[in-house]
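Structure first, commentary second.
The values are calculated or read from the model by the stated rules, or taken from the named source; none is laboratory data. Just so you know, these numbers come straight off a predicted model, no measurement behind them. Glycine gets a Cβ as well: all are built from the backbone with ideal geometry, and neighbour counts include every protein chain shown. Side chains included, ligands, DNA and RNA excluded: accessible areas come from the protein's heavy atoms. Shrake-Rupley method; radii C 1.70, N 1.55, O 1.52, S 1.80 Å.
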Amino acid sequence: DAMVIQNPRYQVTQFGKPVTLSCSQTLNHNVMYWYQQKSSQAPKLLFHYYDKDFNNEADTPDNFQSRRPNTSFCFLDIRSPGLGDAAMYLCATSRASGYEQYFGPGTRLTVT
Amino acid sequence: AQRVTQPEKLLSVFKGAPVELKCNYSYSGSPELFWYVQYSRQRLQLLLRHISRESIKGFTADLNKGETSFHLKKPFAQEEDSAMYYCALQEGSQGNLIFGKGTKLSVKP
């Protein structure tokens, strides 16, 4: 089945220790998104790629970076995780802007 | 500022009862609105979008620009409708979504 895959599903990292979350897709979609969702909060868009074009949301902290080496993969790098970065991180894809977004299962990040 | 408000964190109804999940939005342009659903242990997925004007799993939602609302309705709730429901607003030409905080619907037998 074509889908959006996130690895790992659960990630524990130490305060200040860099961590990378992974997303891959078999849908061949042009757009890939990263959302942060804290407990009882709305998913919040961090950034997205349209093909190789990177689009950062204005209020995304500099601590968060992203890479998209090819169509299928997109990574979220957190350079120095703080306790406040503990959240569920959702990856989504869409064929183009304005089309339905397909979500991965999410990675739950814990910062100790 | 663009905003999506879902006033109810939790909505509990009995099977067969009507259900309405409220969503209000704030947007300066012409809005495109969506309902996404997340069933237990499943991923977030699109339920319906206002421009398609269709009924999915018995759910409908009408955009009311005067009241800036996009409430989700179903006349007879089923137990399998129990899930987390998120209203979302598409922002601008890039298609970014602004989500509400979600309403957890619990349908009791």
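Tabulated data for the structure shown
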read-out: Those residues of region B:85-109 which are of a type in the set (A, V, I, L, M, F, W, C) and more than 18 Å from A:C91 (Cβ to Cβ), in sequence order; value: B:C87, B:L89, B:L105, B:V107
read-out: Count of region B:37-72 residues which are open to solvent by less than 70 Å² (accessible area, probe 1.4 Å) and outside any loop (DSSP other than H, G, I, E, B); value: 16
read-out: Odd one out for B:L21, checked against (1) at positive phi; (2) open to solvent by less than 20 Å² (accessible area, probe 1.4 Å); value: (1)
read-out: Extreme residue, nearest to B:Q6 (Cα to Cα), among residues of region B:88-108 that are at the interface with chain A (Cβ under 9 Å from one of its Cβ atoms) and aliphatic (A, V, I, L, M); value: B:A88
read-out: Output for region B:49-84, where each listed residue is farther than 20 Å from A:L90 by Cβ and within 14 Å of chain A (Cβ to nearest Cβ); value: B:H50, B:I51, B:S52, B:E54, B:I56
read-out: Some residue of region B:29-36 being away from chain A (no Cβ under 11 Å), surrounded by 17 or more Cβ atoms within 10 Å (Cβ to Cβ) and of a type outside the set (F, W, Y); value: yes
read-out: Yes/no for B:P75 being farther than 22 Å from A:N55 by Cβ and open to solvent by 80 Å² or more (accessible area, probe 1.4 Å); value: no
read-out: Number of positions in region B:22-79 that are closer than 26 Å to A:M3 by Cα, in contact (Cβ under 8 Å) with a residue 12 or more places away in the chain and of a type in the set (A, V, I, L, M); value: 7
read-out: Some residue of region A:6-24 being on the phi > 0 side of the Ramachandran plot and modelled with pLDDT of 95 or more; value: yes
read-out: Matching residues in region A:42-53 - criterion: being more than 19 Å from B:Q2 (Cβ to Cβ) and either open to solvent by less than 10 Å² (accessible area, probe 1.4 Å) or within 13 Å of the chain's Cα centre (by Cα) (or both); value: A:Y49
read-out: Residue within region A:55-77 that is surrounded by fewer than 19 Cβ atoms within 10 Å (Cβ to Cβ), of a type in the set (A, V, I, L, M, F, W, C) and away from chain B (no Cβ under 14 Å) present; value: yes
